[in-house]
Amino acid sequence: MFRRRTSALAVLILATATLTALPVAPAGADEVEQVRNGTFDNGTAPWWTTGNLTAAVTGGQLCTDVPGGTADAWDAIVGQNDITLAKGETYRFSFTASGSPAGHAPRAVVGLSVDPYDTWFEARPTLTGGDGTYSYTFTSPVDTAQGQVAFQVGGATDAWRFCMDDISLLGGVAPVPYEPDTGPRVRVNQVAYLPAGPKNATLVTASTGRLAWELKNARGSTVARGRTVPRGVDASSGQNVQTIDFGAYRGKGKGFTLVADGETSRPFDIDKGAYEQLRTDALKYYYTQRSGIEIRDSLRPGYGRAAGHLDVAPNTGDSKVPCQPGRCDYTLDVTGGWYDAGDHGKYVVNGGITAWGLLSEYERSLYARTGQPRTLGDGTLNIPESRNKVPDILDEARWELEFLLKMQVPAGKPLAGMAHHKIHDAQWTGLPLLPSKDPQQRELHPPTTQATLNLAATAAQAARLYRPYDRAFADRALKAARTAWAAAEAHPTMYADPGDGEGGGTYDDTNATDEFYWAAAELYLTTGEKKFADYVQHSPLHTADIFGNVAFDWASTAVPARLDLATVPSRLPGRDAVRRSVAKAADSYLATLTAHPYGLPYAPAGNRYDWGSNSQILNNAVVVAVAYDITGKSRYRDGAVQSMDYILGRNALNQSYVTGYGSVSSQNQHSRWYAHELDPALPNPPHGTLAGGANSALQDPFAQSKLTGCVGQFCYIDDIESWSTNETAINWNAALAWMASFVADQG
Ligand code: 9MR
């Protein structure tokens, strides 16, 4: 499970006030359960452990092997945070537990989950080999939403096994149900529609009959009117909705509103200027994600910070990073690259798909009918490399590419040519934490086939795109790509361990067929060599329908291969069929969009929005946009453009997911350095930062405490604690940048 905030909790828990443990009192009928998933029916989340424990559900209980030889009880903990307690309320704390061998007496604690870790109740039952049930009552001395229930199982000389079940904290007051403020019921793209583009809105209403709508300009004069189309109950929001199509209006201007059913929408422009700005901002995002370089305040006012993970204390630094203990006998200089997201990790598969996103945005500008290379040219992004005669988007992508190349195992070492999967902290750190202040040991994790092929694919793509600007780099990249390809062929099934999630994400994936197809495609497009053409044509993915509910993401990279084979000039036999397959896929995303009353090309199975759904929506839109680039048919251009509406405000929450765009936008994305919500001295994320978006699985406790039971689009909250719905990530912004550039290119 995902443990983002455990390390700060693994420190000493101070016993400040031990309250009376009374004999069991009967629970009142109206008492409220404060513990979530205390019966482990849904895995172990949101329970966390210290790094020396691995919790798993066995026989319906949470069990863990506790290592021997720790000094104190709090050296090994299983706990749950975000427990709400009310001052003066009496609680009954109960659980079932067993220990093997018998005789261990762990500390069962209710206390504060953050510094100074006050203890409000503790018990130390001596466990028997079989299940014992323990029950206590105590009165809370505080009001808090930062309570914690914890089992401190450390301090024993010998290893033992601890199991627990039916953890309950009954009492107090019911949490106030969370009601998002969704504002006016007319939902529009709060940023801008294109004057000659599609213009659609969604009205939330109890009405089932057609209603009148009016489009008003900034002075309040009605400039267009019409009637709504009832659409019934929308599965993705659970609401009765109607749609409004005002695409016939071709005027231009700022501050329009749409009025229907007595409600006035948030204002919007009809103009493409905002997309020019977004094209730039979505790419400028990467500079402040950079590792290993000082961020200059003169280039990003308000965002200047010291370089992260160079060898300046308290950083352990990325210039001599060892493998996880016992995994290799060398260290690597893996400085540079972008931090993945709100954490300080750097992951090759996600770095790879992100580098592809930026390189593909650039490559599109060279070949697409509406492409404009100068909009991505030198001097566009205000980065240290601006004015070096290389397009800024290539300079920015190179910051990551150089890092990816450093992750390759050197010649002469075991698995030479493979790429390490990731490098990150040994333990999860808390928030906020500037990159330069991270004290954790950094570690390389074992090489994987997927990471190696991500390196091969992007280095091969880089070789053709940087050649006009830097021949030596192009040669070096191509050589690394070939080496990586050969290494992956020799080790075709070396996958990341799904359990390797302490201190960083796992990015595990048990299928590399798509990465092989992608790397072969990029190597072919760069070299034209028959060996790679043959590989592409014999890949089972070459003719398969690879366009699912989610066209592509970090784990599934066949579509990037198909898109590049369809658009980058080559002599590939059967290229027309490749191009037709993209248009066919786009038709199916368009069918989804047309059927959707919020107009998005995304209808996940079972209405289960996925982690990073906003990027998945945008990636599906990329396929539709490429179909336009290939065919010139306006239905694809319009569908791709319309997909932006959801991201920018035409959604059930009536908010834009891009910071600084729209009158209400995400501001508090989970990040250790844009942590303004936790520390007013730190900034919010920069304008142009995309939030992950609705995620039905609600993996983080904060989202669970607010959103349990949410329907589709409502599974999102703009709070820094919600890492599963509201993180920022490099791959997500790449999808935004690509689409912003496409829309800005449409006149
Ligand atoms: O974006 C990733 C998502 O697809 C996965 O389901 C999730 C769990 O593995 O991880 C997400 O990526 C996170 C990564 O593991 C660590 N850095 C932050 C990333 C965004 O949340």
Note to self: Given the options Leu736, Leu698, name the one that is touching a Gly at 6+ places or on another chain (Cβ under 8 Å), aliphatic (A, V, I, L, M), farther than 22 Å from Gly302 by Cα and within 16 Å of the ligand (Cβ to nearest atom).
What the structure shows: Leu736
Margin query: Suppose we keep only residues that are touching a Gly at 6+ places or on another chain (Cβ under 7 Å) and assigned to a loop (DSSP other than H, G, I, E, B) within region 345-393. Which one would you say is nearest to the ligand (Cβ to nearest atom)?
Written below: Gly345
Margin query: Show me the strands (runs of 3 or more DSSP E) found entirely inside region 115-213 where at least 3 residues are closer than 30 Å to Val743 by Cα and not acidic (Asp, Glu).
Written below: 200-204
Check: Can you name every residue in region 571-608 that is of a type in the set (A, V, I, L, M) and not in a helix (DSSP H, G or I)?
Finding: Leu572, Leu600, Ala603
Notebook entry, point to check: So is Thr725 within 12 Å of the ligand (Cβ to nearest atom), modelled with pLDDT of 95 or more and β-branched (Val, Ile, Thr) or not?
Noted result: yes
Checklist line | Selection status of Gly660, over 22 Å from Tyr178 (Cα atoms) and either within 16 Å of the ligand (Cβ to nearest atom) or not β-branched (Val, Ile, Thr) (or both) | finding: yes
Item checked: Matching entry among Ala460, Ala397, Ala451, Ala416 (being more than 24 Å from the chain's Cα centre (by Cα), crowded, with 18+ Cβ neighbours inside 10 Å and closer than 29 Å to Thr483 by Cβ) -> Ala460
Next item on the list: Tally the residues that are assigned to a strand (DSSP E or B) and either of a type in the set (Phe, Trp, Tyr) or modelled with pLDDT under 95 (or both), restricting the search to region 301-323.
Entry: 0
Check: How many residues are over 23 Å from Phe552 (Cβ atoms), in contact with a Phe, Trp or Tyr (Cβ under 8 Å, 6 or more places away or on another chain) and hydrophobic (A, V, I, L, M, F, W, C) when one looks only at region 613-671?
Finding: 2
Item checked: Residue check, Ser665 farther than 17 Å from Ser237 by Cα, modelled with pLDDT under 95 and more than 16 Å from the ligand (Cβ to nearest atom) -> no
Next item on the list: Could you run through region 554-566 and say how many residues are of a type in the set (Val, Ile, Thr) and in a helix (DSSP H, G or I)?
Entry: 1
Checklist line | Filter pass, Gly326 being assigned to a loop (DSSP other than H, G, I, E, B), closer than 27 Å to Met494 by Cα and more than 16 Å from the ligand (Cβ to nearest atom) | finding: yes
Checklist line | Every residue from region 40-69 that is at pLDDT below 95 and among the hydroxyl-bearing types (Ser, Thr, Tyr) | finding: Thr44, Thr49, Thr50, Thr54, Thr58
Checklist line | Criterion violated by Ser236 - all others in (1) assigned to a strand (DSSP E or B); (2) among the small types (Gly, Ala, Ser); (3) under 32 Å from the mean Cα position of the chain (by Cα) satisfied | finding: (1)
Margin query: If I ask for residues that are assigned to a loop (DSSP other than H, G, I, E, B) and within 16 Å of the ligand (Cβ to nearest atom), which ones from region 524-553 would you list?
Written below: Gly548, Asn549, Val550, Ala551, Phe552
Check: Here are some residues: Gly688, Gly660, Gly712. Which one is in contact with a Gly (Cβ under 7 Å, 6 or more places away or on another chain), crowded, with 21+ Cβ neighbours inside 10 Å and not hydroxyl-bearing (Ser, Thr, Tyr)?
Finding: Gly688
Note to self: Condition check: within 15 Å of the ligand (Cβ to nearest atom) and either among the basic types (Lys, Arg) or not assigned by TED's automatic domain parsing to the domain that holds Thr429 (or both). Does Leu707 satisfy that?
What the structure shows: no
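Residue by residue, here is whether (1) β-branched (Val, Ile, Thr); (2) at negative phi holds:
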residue: His596; (1), (2): no, yes
residue: Asn607; (1), (2): no, no
residue: Trp611; (1), (2): no, yes
residue: Asn614; (1), (2): no, yes
residue: Asn619; (1), (2): no, yes
residue: Tyr636; (1), (2): no, yes
residue: Gly639; (1), (2): no, yes
residue: Gln655; (1), (2): no, yes
residue: Thr689; (1), (2): yes, yes
Item checked: Filter result (polar (S, T, N, Q) and either surrounded by 12 or more Cβ atoms within 10 Å (Cβ to Cβ) or not assigned by TED's automatic domain parsing to the domain that holds Pro384 (or both)) within region 298-317 -> Asn315, Thr316
Check: Taking interchain pairs and intrachain pairs at least six residues apart, which have beta carbon atoms under 6 angstrom, with the first residue in region 340-351 and at pLDDT 95 or above and the second part of a strand (DSSP E or B) and near the ligand (Cβ under 6 Å from one of its atoms)?
Finding: Ala341/Glu727; Gly342/Glu727
Notebook entry, point to check: Which condition number does Val173 fail, the rest of (1) farther than 30 Å from Glu263 by Cα; (2) crowded, with 19+ Cβ neighbours inside 10 Å; (3) of a type in the set (A, V, I, L, M) being met?
Noted result: (2)
Check: Where residues in region 490-508 are of a type in the set (Gly, Ala, Ser) and part of a loop (DSSP other than H, G, I, E, B), which of them is nearest to the ligand (Cβ to nearest atom)?
Finding: Gly505
Next item on the list: Considering only residues that are β-branched (Val, Ile, Thr) and under 26 Å from the mean Cα position of the chain (by Cα), look in region 165-207 and name the one that is nearest to Thr708 (Cα to Cα).
Entry: Thr182
Notebook entry, point to check: What's the number of the condition Ile720 fails, among (1) surrounded by fewer than 22 Cβ atoms within 10 Å (Cβ to Cβ); (2) in contact with a His (Cβ under 7 Å, 6 or more places away or on another chain)?
Noted result: (1)
Checklist line | Failed item, numbered, when Ala487 is tested on (1) among the small types (Gly, Ala, Ser); (2) within 16 Å of the ligand (Cβ to nearest atom); (3) assigned to a helix (DSSP H, G or I) | finding: (2)
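The values are calculated or read from the model by the stated rules, or taken from the named source; none is laboratory data. Worth saying up front: this structure is predicted, and the values here are computed from it rather than measured. Positions of Cβ are backbone-derived with ideal geometry, glycine not excepted, and every protein chain shown enters the neighbour counts.
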